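Have a look at the structure below before the remarks.
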Amino acid sequence: MIKFIIQGCLPTLNEYTSANRRNKYAGAKMKADTETLIAYHIKTQLTEKERLTGCFALEIDWYEKDSRKDFDNVAMAQKFVLDSLTACGIIPNDSRKYFTEMQHRIFVDKLNPRVEVRLIER
């Protein structure tokens, strides 16, 4: 199992949609900035040996500041997480050939919002 933690909250679907509607570059900038943040956490917490070459399952625990955001609105950021994992070379690809299942859970932690990501090789 590979595990890492992203401190803070990631953009929601509503925030990403709003950025895309604001102008044609805002959404792309939000995605790039978010993936840079995620990549930072990956690179500082994982070693070169922590790589998956076969099929894997993804488990994400979302710790939000409060319970105001819809579950699916929060979980949309899995796209940014998977793209960052691919860019950092932790997973070979996020296609269905490798990515076989996922589980999401959402909690409230007012003092320490974060995203806990686990990859389990299958």
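Tabulated results
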read-out: Output for segment 1-27, where each listed residue is assigned to a helix (DSSP H, G or I) and either free of Cβ contacts under 8 Å to residues at least 24 places away in the same chain or of a type in the set (Ser, Thr, Tyr) (or both); value: GLU15, TYR16, THR17, SER18, ALA19, ASN20, ARG21, ARG22, ALA26, GLY27
read-out: Unique match (being over 12 Å from the mean Cα position of the chain (by Cα), surrounded by 17 or more Cβ atoms within 10 Å (Cβ to Cβ) and under 19 Å from THR12 (Cβ atoms)) among LYS65, LYS29, LYS69; value: LYS69
read-out: Residue satisfying condition, being among the acidic types (Asp, Glu) and over 15 Å from ARG118 (Cα atoms), within set GLU50, GLU15; value: GLU15
read-out: LYS79 vs. criteria surrounded by 13 or more Cβ atoms within 10 Å (Cβ to Cβ), more than 16 Å from LYS3 (Cα to Cα) and touching a Ser or Thr at 6+ places or on another chain (Cβ under 8 Å); value: no
read-out: Every residue from segment 32-47 that is surrounded by 11 or more Cβ atoms within 10 Å (Cβ to Cβ), under 16 Å from ARG118 (Cα atoms) and either over 13 Å from the mean Cα position of the chain (by Cα) or hydroxyl-bearing (Ser, Thr, Tyr) (or both); value: LYS43, GLN45, LEU46
read-out: Residue that is more than 22 Å from PRO92 (Cβ to Cβ) and not basic (Lys, Arg), where the choices are TYR40, TYR16; value: TYR16
read-out: Unmet requirement for ALA87, which otherwise passes all of (1) among the hydrophobic types (A, V, I, L, M, F, W, C); (2) surrounded by fewer than 17 Cβ atoms within 10 Å (Cβ to Cβ); (3) in contact with a strand residue (DSSP E or B) (Cβ under 6 Å, 6 or more places away or on another chain); value: (3)
read-out: Flag for PHE56 being surrounded by 15 or more Cβ atoms within 10 Å (Cβ to Cβ) and either closer than 19 Å to GLN7 by Cα or among the hydroxyl-bearing types (Ser, Thr, Tyr) (or both); value: no
read-out: Residue that is touching a strand residue (DSSP E or B) at 6+ places or on another chain (Cβ under 9 Å) and either at pLDDT below 95 or farther than 19 Å from VAL115 by Cα (or both), where the choices are TYR25, TYR63, TYR98; value: TYR98
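The values are calculated or read from the model by the stated rules, or taken from the named source; none is laboratory data. This structure is a prediction, so every number in the text was calculated from the model and none was measured. Cβ coordinates were reconstructed from backbone atoms using ideal geometry, including for glycine residues, and neighbour counts include every protein chain displayed.
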